[in-house]
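The next block holds one structure in the form of structure tokens; read it before the comments.
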């Protein structure tokens, strides 16, 4: 065993393994940087979305107005949770991520909120069919598209962060289930 540890072949193998390990870590960090998303950006997008939906609710006092207002309030209430989860995942120490993996707790919270957002999109599509006013229909269509785009950004963010390389991530996942 002592001969193997001192052999040039073994030392070369260890050096190559270390270089490979750190190159994978750097590549995953660069992939993360390409898909930047932050909580403030999400808060701003949702605030604009909510304001526009509340305008539709005010315009449609008879009929769908209250339902549109309820959807807007639900989305507004979720924006802080989503923004905080995004920030916690985004700004987690790279070394911590490399060693034990991504922040699975906040990944789970974001996944849950994305399911709720998908349900809200469905509600808005149903309300769109009930809308009589062409102006309100146009605004609702735009807001549905905005929410779908925001949801897609977060889904992409989740995919990137779930796929991050980690040394002991498999072990951390066992305790986070």
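The values are calculated or read from the model by the stated rules, or taken from the named source; none is laboratory data. Keep in mind the model is a prediction, meaning the values are calculated, not measured. Counting neighbours? That spans all protein chains shown, and the Cβs are built from the backbone with ideal geometry, glycine included.
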Query - residue 86, sole failed condition from (1) more than 24 Å from residue 167 (Cα to Cα); (2) within 12 Å of the chain's Cα centre (by Cα) - result: (1)
Query raised in the report: Would you call residue 153 within 16 Å of residue 37 (Cα to Cα) and either without any contact (Cβ under 8 Å) to a residue 24 or more places away in the chain or not in a helix (DSSP H, G or I) (or both)?
Result: no
Query - Unique match (being outside the structural domain of residue 86 (by TED's automatic domain parsing), surrounded by fewer than 12 Cβ atoms within 10 Å (Cβ to Cβ) and at pLDDT below 90) among 10, 22 - result: 22
Query raised in the report: Is it true that some residue in segment 142-150 is more than 19 Å from residue 67 (Cβ to Cβ), touching a helix residue (DSSP H, G or I) at 6+ places or on another chain (Cβ under 6 Å) and touching a residue at least 60 places away in the same chain (Cβ under 8 Å)?
Result: yes
Query raised in the report: Taking the stated definitions as given, is residue 109 under 30 Å from residue 66 (Cβ atoms), under 19 Å from the mean Cα position of the chain (by Cα) and surrounded by fewer than 12 Cβ atoms within 10 Å (Cβ to Cβ)?
Result: no
Report summary line: Note: among 107, 121, just one is under 22 Å from residue 72 (Cβ atoms) and either touching a residue at least 12 places away in the same chain (Cβ under 8 Å) or out of contact with any strand residue (DSSP E or B) (no Cβ under 7 Å at 6 or more places or on another chain) (or both), namely 121
